[in-house]
Amino acid sequence: MSAIDLQLDSQGRLLHFLSVEGLSRHHLTEILDTAESLHGVAERRVKKLPTLHGKTVVNLFFEASTRTRTTFELAAKRLSADVLNLNIATSSTSKGESLLDTLRNIEAMQCDMFVVRHSQSGAAEFMARHVKPHIAVLNAGDGCHAHPTQAMLDTFTIRRHKPDFPALRIAIVGDILHSRVARSLIHALNILGAGEVRVIAPRTLLPVWVEQLGVQVFHAPQAGLRDVDVIVMLRLQRERMERALLPSEQEFFQQYGLTEERLALAKPDAIVMHPGPINRGVEIDSRVADGPRSVILEQVTNGIAIRMAIMSITLGNHARPAEENA
Ligand code: NCD
């Protein structure tokens, strides 16, 4: 079974959330619409729904994370689930336990959902192949491969500001080569029918696969940012660079950094996004990051509603027995 089939049941319903690739516009729209209906929960006096009451969600983060881990935790808590955060630095993995043994042990604690972040591409898929059938696996970022919940919160943020996707021109700027965010976002934008997706980066930070996804490639922001509706800036992922791909951070900022002057090339109502963590003065100027066009903190807030939606959809589909077992 391919990774794409693995996340769907025989009726095409989402059981795990491993990658955006291979999903239909219907799947993505269901997530976006569900997130829209959950977005208001944060404004209530009691910020909780009973949807996952009695369920246990385990956050398994083998790689650093601030926003993703905490918003997954908040999302699970707002749905009334019990949440376990496994601190990998102090867990048995650092004593040599294999991923499969870690998985079996946590499974033995009767959990219902694993949220996994790992430096190896394919780690979440590996988990989904090996877990007991009642458990849902959500990918919180695997190597340079995929970050599907980030793509959903990004498209959710775009849709709230600019709902007419076919009319949109979107530019993704920076370290595309190492970015699971860019990869998942490009897939999601294509599935949702975005008008034009551009990538802007030096040759050394562009992977070959990018051409195959039908994006427009630019090496200079002066041309690439012209008349865009949305700009997505990316961090230089130094920790994934095996060799020097760049002269210096200052030079990168000079050539690609998003300054107010460069932002002026985009449409007057363009929005500026970044998955975080931002490096001020490297890929983005503080005046832009904190300026009126920035929706960077909105992305963080939207991450909670999106993760609530994905958690309730996948666990809801687990609860419903597949037709052949009914
Ligand atoms: C991204 C990640 O971890 O892939 N951050 C995030 O999830 N908010 C991007 C990055 O680390 O640059």
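Considering only residues that are closer than 22 Å to Arg293 by Cα and either within 16 Å of the ligand (Cβ to nearest atom) or assigned to a loop (DSSP other than H, G, I, E, B) (or both), which ones fall in region 183-199?
Result: Leu185, Ile186, Ala194, Gly195, Val199.
Looking for something part of a strand (DSSP E or B), away from the ligand (no atom under 15 Å from the Cβ) and either in the same structural domain as Ser179 (by TED's automatic domain parsing) or surrounded by 23 or more Cβ atoms within 10 Å (Cβ to Cβ) (or both) - is there at least one such residue anywhere in region 296-307?
No, every residue in region 296-307 fails to be part of a strand (DSSP E or B), away from the ligand (no atom under 15 Å from the Cβ) and either in the same structural domain as Ser179 (by TED's automatic domain parsing) or surrounded by 23 or more Cβ atoms within 10 Å (Cβ to Cβ) (or both).
Mind telling me which of the residues Gly276, Gly291 ends up being modelled with pLDDT of 95 or more and within 10 Å of the ligand (Cβ to nearest atom)?
The match here is Gly276.
I'm trying to understand the selection: among the residues of region 37-72, which are within 14 Å of the ligand (Cβ to nearest atom) and either open to solvent by less than 30 Å² (accessible area, probe 1.4 Å) or out of contact with any His (no Cβ under 8 Å at 6 or more places or on another chain) (or both)?
Passing the criteria: Asn59, Phe61, Ala64, Ser65, Thr66, Arg67, Thr68, Arg69, Thr70, Thr71, Phe72.
Tally time: how many residues in region 214-243 are free of Cβ contacts under 8 Å to residues at least 12 places away in the same chain, of a type in the set (Lys, Arg) and away from the ligand (no atom under 16 Å from the Cβ)?
1
Working only within region 5-29, note down all residues that are open to solvent by 60 Å² or more (accessible area, probe 1.4 Å) and out of contact with any strand residue (DSSP E or B) (no Cβ under 8 Å at 6 or more places or on another chain).
Asp5, Ser10, Gln11, Arg25, His26
Hey, Leu246 hits all of (1) without any contact (Cβ under 8 Å) to a residue 40 or more places away in the chain; (2) of a type outside the set (S, T, N, Q); (3) in a loop (DSSP other than H, G, I, E, B) but one; which does it fall short on?
(1)
Hey, any hits in region 100-115 for a residue that's under 18 Å from Ile88 (Cβ atoms), within 13 Å of the ligand (Cβ to nearest atom) and buried (at least 19 other Cβ atoms within 10 Å of the Cβ)?
Scanning region 100-115, I find at least one residue that is under 18 Å from Ile88 (Cβ atoms), within 13 Å of the ligand (Cβ to nearest atom) and buried (at least 19 other Cβ atoms within 10 Å of the Cβ), so the answer is yes.
Hey, can you tell me all the residues within region 140-182 that are crowded, with 24+ Cβ neighbours inside 10 Å and in a strand (DSSP E or B)?
Within region 140-182, Ala140, Gly141, Asp142, Ala146, Ile170, Ala171, Ile172, Val173 qualify.
Which ones in region 19-28 are in a helix (DSSP H, G or I) and touching a residue at least 12 places away in the same chain (Cβ under 8 Å)?
Hits for region 19-28 are Arg25, His27, Leu28.
The values are calculated or read from the model by the stated rules, or taken from the named source; none is laboratory data. Source: prediction; values computed, not measured. Using ideal geometry, Cβ is built from the backbone for each residue, glycine included, and neighbour counts are taken over all protein chains shown. Accessible surface areas use protein heavy atoms only, side chains included; no ligands, DNA or RNA. Shrake-Rupley method; radii C 1.70, N 1.55, O 1.52, S 1.80 Å.
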